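> One structure coming up, written as structure tokens, with questions to follow.
Laboratory data are not the source of any read-out in this text; all were calculated from the coordinates shown. The structure presented is a predicted model; accordingly, all values stated were derived computationally and were not measured. Positions of Cβ are backbone-derived with ideal geometry, glycine not excepted, and every protein chain shown enters the neighbour counts.
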Ligand SMILES: [Fe+2]
């Protein structure tokens, strides 16, 4: 095995299952084949939008170019529910849960990790633009060589003994978060022949309502792999895709220390009836 | 004061991918209460794909009221003290797609309401999160009056109701696709 197993957690299991419903050589599809498949879906979306169909803002969960999605998406429409009781609240996290130093991924070992030191900062907001306060943000990522500390990652790139690639923080009163880390590299995976993921950081977020719970990936501006990546392109709308790309921000960059990026995250709308005191809490 | 006024477009979700395993699980993540806690139960089941094959790389989270129907505002989900009930749990499935939480039966949050546990599902291959509910099977009157369950055809409704095992545990499978596909939910403003 020469490429890492991202998206083929257990090769024998997943590829057999997925390919059974696509074709027996699914794992050997060329990039051109996948790109054409992506472009066709995007063209149909553009045409539909021109004919008045709604703008899409979330990824398609049924997106065949991402092979592993084929058997893992519901085929029935999501059922509309009015959120009730527990769904209108989220778990509370505090300083018992998260230490301030967990936001710096470069100080978790004895030495400095290799790679380009970066700061990523931004705000977590709800759909009404309110800051999401004192909530948990978790991140994980590959190192500067494109390797995860994970037993299933077989990509023959070096592990960095000084980098685990896992961080946490709590948002501030203004919804702000900040991580110091190393810029992750792209890495190969087995979706198709010569498949590479654009560099990304995985983000996990909580809102004020449990219905806002989300996991996503932050990307870096100008990545040449964007148009080739079926996970990123599962979001059919360019404006929506752009919402996952951080901005290089020289005001976040610090003198002789780290380059800086900003990325704000908007959760879905809160359905709770907000009281004055909660807003001011 | 603002209410339900969505002005900003939500950031898109993405798959959890395969490499969350050293980032998201934590010690006692699936133990909302200690196993020795009076009234503790096991909530367990299997996550399946569209061919009925267990999914070995899914991560589940639950969020629920306590036995009396109170929604906890306590911190400490990530660093459990074995006494404080925070109402939140996280469980990565095992190699056979099986998950286990140690928790309590949630009480009704309002008189006559059917108690349920809120569940969110993440998996490699699943491009966005999925929400659903795990209803307790006992209060059949409350279940019959539940607005969500009443809006579903009978064969779909049952995918949201857990089975009570002889020892008091709750069993609940999650089927992402295919026959008996679990009902997954969308909410206003999403
Ligand atoms: Fe990744």
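> Below 8 Å, C-alpha to C-alpha, sequence gap of six or more: please give me the relative contact order for chain A in percent.
26 percent
> Only Cα pairs within less than 10 Å get springs; with that Gaussian network setup on chain A, which residue of A:39, A:143, A:110 has the largest fluctuation?
Checking each option, the largest mean-square fluctuation is seen for A:110.
> Quote the FRET efficiency, to the nearest 0.05, computed for residue B:94 versus residue B:166 with a Förster distance R0 of 22 Å and r equal to the Cβ-Cβ distance. Kindly include the intermediate steps, with their values, before the conclusion.
Values: r = 23 Å, r/R0 = 1.04.
Once the sixth-power term is evaluated, E becomes 0.45.
> Turning to a different aspect of this structure: Compute the distance in nm between two label points, each set 7 Å from the Cα along the Cα-to-Cβ direction, one at residue A:39 and one at residue B:70.
6.2 nm
> How do A:165-171, A:144-150, B:73-79 rank on mean C-beta neighbours within 10 Å, highest first? Mind showing how you got there, number by number?
Details: A:165-171: 22.9, A:144-150: 21.1, B:73-79: 18.6.
Most protected by this proxy first, the peptides run A:165-171, A:144-150, B:73-79.
> Taking 0.36 nm per intervening residue step and subtracting the Cα-Cα distance, what contour gain separates residue A:77 from residue A:255 on full extension? Please list the in-between numbers first.
On the way: separation 178, 0.36 × 178 = 64.08 nm, distance 5.09 nm.
Here the segment from residue A:77 to residue A:255 would lengthen by 59.0 nm.
> Provide the packing ranking of B:14-26, A:84-96, i.e. peptides ordered by the mean count of other C-beta atoms within 10 Å per residue, highest first.
Top of the packing list down: B:14-26, A:84-96.
> Give me the compactness ratio for chain A, meaning the Cα radius of gyration over 2.2 N^0.38 Å.
So the Cα radius of gyration is 1.07 times the expected 2.2 N^0.38 Å.
> Select from B:43, B:148, B:32 the residue whose mean-square fluctuation is largest in a Gaussian network model of chain B (Cα-Cα springs shorter than 10 Å).
For chain B, modelled as a Gaussian network with Cα springs under 10 Å, the answer is B:148.
> Across peptide A:205-216, how many C-beta atoms of other chains are within 10 Å of each residue C-beta, on average?
On the way: counts 2, 3, 0, 0, 2, 11, 10, 5, 8, 10, 13, 9.
Counting Cβ atoms of other protein chains within 10 Å of each residue's Cβ and averaging gives 6.
> Summarise the partner chain shielding of B:77-85 as one whole number: the mean count of Cβ atoms from other chains within 10 Å of each residue's Cβ.
Counting Cβ atoms of other protein chains within 10 Å of each residue's Cβ and averaging gives 3.
> Please compute the modelled spin-label separation between residue B:152 and residue A:108, points set 7 Å along Cα→Cβ, answer in nm with one decimal.
The modelled label-to-label distance comes out at 3.8 nm.
> Under the definition of partner shielding as Cβ atoms of other protein chains within 10 Å of a residue Cβ, what is the mean value for peptide A:96-104?
What the average comes to for A:96-104 is 2.
> Given a cut-off of under 8 Å on Cα pairs at least six residues apart, what relative contact order in percent is computed for the range B:41-190?
Relative contact order of the range B:41-190: 30 percent.
> Let me ask something additional. In what sequence do A:183, B:129 fall when counting other Cβ within 10 Å, fewest first?
Fewest-to-most ranking of A:183, B:129: A:183, B:129.
> Just B:12, B:115, B:137 to compare: in a GNM of chain B, with alpha carbon springs under 10 Å, which one fluctuates most?
Checking each option, the largest mean-square fluctuation is seen for B:12.
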